[in-house]
Ligand code: SAH
Ligand code: SF4
């Protein structure tokens with residue numbers, strides 16, 4: 001990939017500084033070569049940024065003074081700006097992040113046992129307008145840059161002051177399941193995921209970096225050629241009629257076409273034992289009937305997959321409800337009896353609205369909204385498998 005293009009600050013008519021935080025290893029090497037410097041500088045600077053959390057070139061002591069001063073004038077290491085950090089009583093931590101040009105995105109860190117999963121956003125809003133998703137309700141504003149995406153990992157580690165100790169323990173897994181459709185911001189998401197997996201940055205294994213998509217088929221086929229991250233697909237319905245309603249992009253890429261693309265993605269992996277995660281948000285009275293579970297079991301019989309059921313997370317004016325624990329169990333049982341590995345996602349960070357589909361980047365008037373949310377939300381949470 002080419003190095004990030006240099007933009008021009010219109011007011012000052014000077015080239016804007018390159019934000020080195022978002023450059024992949026290749027891009028960083030190209031950057032130093034373009035400056036007439038040696039390639040190995042890329043390694044040194046990447047370690048400073050991603051291993052020690054350093055943003056100040058003056059502190060990069062294994063780099064000569066002249067080069068440090070040059071970097072100061074043409075480049076920067078600029079993490080995203082946090083406007084608010086919230087801690088849930090269950091250990092979940094959520095950040096609202098301000099992006100340049102206005103707008104907010106959210107990232108959530110969910111610790112469970114010895115794992116800690118960071119849920120990362122890829123866009124401000126989303127254009128795909130799934131009927132049950134609060135991010136979709138705000139429409140699309142813009143793509144995040146690679147620096148803004150990887151910056152969410154950087155700031156999570158920074159917030160625990162863990163660059164000094166062992167950054168690999170603060171974030172063990174990343175899921176691209178925050179705001180936005182990652183495959184519609186392809187290049188920046190791939191660059192950021194490459195950094196997540198790069199030993200010079202965060203060194204997370206490809207199995208522990210998961211991209212979730214609602215089914216942008218051509219981009220998924222393209223991803224198979226450049227990446228080996230784990231794949232999650234948001235299905236939510238066992239037939240096209242219902243999926244057209246819940247996930248409008250299904251009208252363009254129907255279920256059969258999407259599942260064929262999933263099979264191609266899995267077949268392209270060097271490790272053939274990997275499977276796709278099928279995400280299925282259970283909405284009361286809409287897609288949670290046992291007959292729909294049977295239809296789903298039949299639909300997926302040729303797909304190497306496991307199934308993750310997500311009880312719907314309510315938000316204001318969604319018009320939908322979370323199913324009862326019994327309804328979730330019944331749906332789960334049908335799939336288990338059909339031989340599938342099925343997990344049910346527990347709701348975490350409920351007291352800070354940190355659950356899937358609730359990320360909206362809203363910071364004003366949160367108190368009243370969150371009170372209403374608590375009253376409306378079904379408090380029964382089950383965990384299976
Ligand atoms: N755009 C991508 C990734 C972000 S959404 C995608 O759609 O896959 C991450 C997951 O949360 C998706 O499976 C999505 O369908 C689900 N989701 C969205 N709104 C939800 C809600 N209100 N309750 C439960 N899950 C929701
Ligand atoms: Fe976009 Fe995913 Fe929400 Fe659909 S579920 S609107 S694709 S963020």
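Report the relative contact order of the stretch 16-76, percent, no decimals, based on alpha-carbon pairs under 8 angstrom and at least 6 residues apart.
41 percent
From the square roots a ≥ b ≥ c of the eigenvalues of the alpha-carbon gyration tensor of the stretch 118-217, which class results: rounded (a/c under 1.5), prolate (a/b over b/c), or oblate?
Judged from the Cα gyration tensor, the stretch 118-217 comes out prolate (a/c at least 1.5, a/b above b/c).
Based on the alpha-carbon gyration tensor of the stretch 104-177 and its eigenvalue square roots a ≥ b ≥ c, which shape applies: rounded if a/c is under 1.5, prolate if not and a/b is larger than b/c, or oblate?
prolate
Under 8 Å for C-alpha pairs, at least 6 residues apart: give me the relative contact order for the stretch 81-380, rounded to a whole percent.
18 percent
Please check: in the Gaussian network model of the chain (C-alpha springs, under 10 Å), which one of 60, 196, 179 has the largest mean-square fluctuation.
60
Indicate the gyration tensor shape class of the stretch 16-76 (rounded, prolate or oblate), computed on the Cα atoms with a ≥ b ≥ c the square roots of the eigenvalues: a/c under 1.5 is rounded; otherwise a/b larger than b/c is prolate and the rest oblate.
Rounded is the answer for the stretch 16-76, as its axis ratio a/c remains below 1.5.
Taking Cα atoms, how many degrees apart are the long axis of helix 217-226 and the longest axis of the chain, rounded to 10 and kept between 0 and 90?
50 degrees
Subtract the Cα-Cα distance of residue 81 and residue 336 from 0.36 nm times their separation in residues, and report this length gain in nm to one decimal.
Here the segment from residue 81 to residue 336 would lengthen by 87.4 nm.
Which one of 36, 151, 325 has the biggest mean-square fluctuation once the chain is modelled by GNM with Cα springs under 10 Å?
Answer for the Gaussian network model of the chain: 36.
Give the angle, between 0 and 90 degrees and rounded to the nearest 10, that separates the Cα long axis of helix 255-267 from the longest principal axis of the Cα atoms of the chain.
The angle comes out at about 50 degrees.
What is the antiparallel percent of DSSP beta bridges lying wholly in the stretch 10-98, to the nearest 5?
The answer is about 75 percent antiparallel.
Need the full-extension length gain, residue 40 to residue 52, defined as separation in residues times 0.36 nm minus the C-alpha distance. One decimal, nm.
The residue 40-residue 52 span can extend by a further 2.6 nm.
Return one number: the angle in degrees, 0 to 90 and rounded to the nearest 10, between the long axis of the Cα atoms of helix 290-299 and the longest principal axis of the Cα atoms of the chain.
60 degrees
For the chain, what does the helix formula give at 222 nm: sum of -39500 (n - 2.57) over DSSP H segments with n ≥ 4, over the residue count, nearest 500 deg cm²/dmol?
Mean residue ellipticity, 222 nm, calculated: -9500 deg cm²/dmol.
Just need the relative contact order of the stretch 178-337 here, percent rounded to a whole number, with Cα pairs under 8 Å and 6+ apart.
18 percent
Over the chain, what is the percentage of antiparallel beta bridges among all DSSP beta bridges, to the nearest 5?
45 percent
Provide Rg over Rh for the chain; use the alpha carbon set for both Rg and the Kirkwood Rh (inverse mean inverse pair distance).
Using only Cα positions, Rg/Rh for the chain is 0.98.
Per 0.36 nm of contour for each residue apart, how much would the distance between residue 245 and residue 222 grow if the chain were fully extended, relative to their Cα-Cα spacing?
Between residue 245 and residue 222, full extension yields 5.6 nm more.
The numbers here are math on the coordinates, done by the rules we state, and not lab data. In this text the structure is predicted, and so the values were computed from the model without any measurement.
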